[in-house]
Amino acid sequence: LNDNKIRSLVYNALNLNPKGLSRRPTAAMYVIGGYYWHPLSEVHVWDPLTNTWVQGTEMPDHTRESYGVTSLGPDIYVTGGYRTESIEALDTVWIYNSERDEWTESCPMLDARYYHCAVSLSGCIYVLGGYRKGAPVQEAEFYDPLKKKWLPIANMIKGVGNATACVLHEVIYVTGGHYGYRGSCTYDKIQRYHSGSNEWSIVTTSPHPEYGLCSITLQNKIYFVGGQTTITDCYDPEQNEWKQMAHMMERRMECGAVVMNGCIYVTGGYSYSKGTYLQSIEKYNPELNKWEAVGNLPSAMRSHGCVCVYNV
C-alpha cells in the first residue's frame, strides 16, 4: 500500500473529504454507573470544551457494582460485577452504543468476576483477574466482536482484584491491586501481557503499591492516579524509569480517569481522609505538570466507568 492509498482508505473510513479535514474529532467523556451508598445506573456524557452534561439511556441492570468498563470505537462494554444483595459474581456483559444511545446484551464471559480490569486492544476486549467468591483470580480472557466469542488467554502471574490496566504500544500493563486471602495484601509489581506471544511477564516494582487506582497512557508514558494518596506516579516503559509528578488535589479511591485533548481528567472517587464520596473533576496538564479543578460530575460517585469516545 502506498501513502495515497492509505490516506484514501482513512478518508473513506472517516467519511471525510480533504476539505472537511478542518473538522477535528471531538472527545466526550462517558461516565457509566458507579456507586454512591448504593449502585448507580445512569449514563452521563461530558463535553470538556463547553463543560456541559447530557444524560443517556440508563443501564438495564440496576443492581450490580464493581464491573469493568472499556470502550471500542462507539461501543462501551460493561463486563461482570456483582449483585449488591448477594455478592454473587456475574459473567454478564452489556454494550452501550454511544451513537445510538442504546444498550444490548452481549455474550457472557467464560468466568464470572468483579473488581477486574477491562481494556481494549487490537479490536478486542480483554478482561483480567478480579475476584470470585471473595478470592482474587488469575484467569483472563478476551472477546472478539467479529466472532462474537470469548476466548481464554494465559493466566496472570498474580491474580489481583481492584487493580488497574492500560494499553501502551499494543501491550497490556496491569498494576497493583489486592491478592492473598480475601485480598488482604497489596501487590507491588506491574504485570505485562503480550497478545502476540500470549505471555505474561513482570516489568517493574511500583514505588507506591496501590489498589483502587487508575492508569492512563499519555505521551508514551503510563500515569498512575488515585488510591489512598494524592501521589501521581509516571512510568516510562522504554527507559524503565519512574518519576513522581505534581500531587493531585484530592485522594481519590476508585476514581475514573481518561485522556482528552492531551490532558488527564480524573473524576469522583472516595476520599478516605474526608470520609466522603467526591463529585469533583480535576485535570492534569503534562506541559505545566499541574492539576486544576475543572468541574463536577452530576453526582458524587466511585467505581464508575469512565471512558473517552471520539465523535469523528
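One line per residue, one yes/no per condition, for (1) over 23 Å from ILE32 (Cβ atoms); (2) acidic (Asp, Glu); (3) touching a residue at least 12 places away in the same chain (Cβ under 8 Å); (4) part of a loop (DSSP other than H, G, I, E, B):
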position: GLN244; (1), (2), (3), (4): yes, no, yes, no
position: GLU250; (1), (2), (3), (4): no, yes, yes, yes
position: ALA257; (1), (2), (3), (4): no, no, yes, no
position: ILE264; (1), (2), (3), (4): no, no, yes, no
position: TYR284; (1), (2), (3), (4): no, no, yes, no
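Consider region 112-122 and keep the residues that are touching a strand residue (DSSP E or B) at 6+ places or on another chain (Cβ under 7 Å) and part of a loop (DSSP other than H, G, I, E, B). The one that is surrounded by the fewest Cβ atoms within 10 Å (Cβ to Cβ) is ALA112. Would you check if HIS208 is in contact (Cβ under 8 Å) with a residue 40 or more places away in the chain and either outside any loop (DSSP other than H, G, I, E, B) or touching a strand residue (DSSP E or B) at 6+ places or on another chain (Cβ under 8 Å) (or both)? No, not satisfied. One residue stands out among those in region 135-165 that are small (Gly, Ala, Ser) and surrounded by fewer than 17 Cβ atoms within 10 Å (Cβ to Cβ): the one that is nearest to SER184 (Cα to Cα), which is ALA135.
Condition check ((1) buried (at least 23 other Cβ atoms within 10 Å of the Cβ); (2) basic (Lys, Arg); (3) in contact with a Cys (Cβ under 9 Å, 6 or more places away or on another chain); (4) at pLDDT 95 or above) across all residues:
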site: VAL78; (1), (2), (3), (4): yes, no, no, yes
site: GLY81; (1), (2), (3), (4): yes, no, no, yes
site: THR84; (1), (2), (3), (4): no, no, no, no
site: GLU102; (1), (2), (3), (4): no, no, no, yes
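When residues in region 53-80 are screened for being in a strand (DSSP E or B), within 27 Å of THR26 (Cβ to Cβ) and not aliphatic (A, V, I, L, M), 9 of them pass. Remark: pairs (first residue in region 186-205, closer than 10 Å to VAL171 by Cβ and among the charged types (D, E, K, R); second residue buried (at least 19 other Cβ atoms within 10 Å of the Cβ) and at pLDDT 95 or above; Cβ separation under 6 Å; 6+ apart in sequence or on different chains) = ARG192/TYR173.
Does region 168-183 contain any residue that is modelled with pLDDT under 95 and either surrounded by 16 or more Cβ atoms within 10 Å (Cβ to Cβ) or in contact with an Asp or Glu (Cβ under 9 Å, 6 or more places away or on another chain) (or both)? Yes, because at least one residue in region 168-183 is modelled with pLDDT under 95 and either surrounded by 16 or more Cβ atoms within 10 Å (Cβ to Cβ) or in contact with an Asp or Glu (Cβ under 9 Å, 6 or more places away or on another chain) (or both). Annotation: of all residues in region 50-72 being under 20 Å from CYS263 (Cα atoms) and in contact (Cβ under 8 Å) with a residue 24 or more places away in the chain, the one that is surrounded by the most Cβ atoms within 10 Å (Cβ to Cβ) is SER71.
The values are calculated or read from the model by the stated rules, or taken from the named source; none is laboratory data. This one's a predicted model, so the numbers in the text were calculated from it and none came from an experiment. Virtual Cβ from ideal backbone geometry, glycine too; neighbours counted across all protein chains shown.
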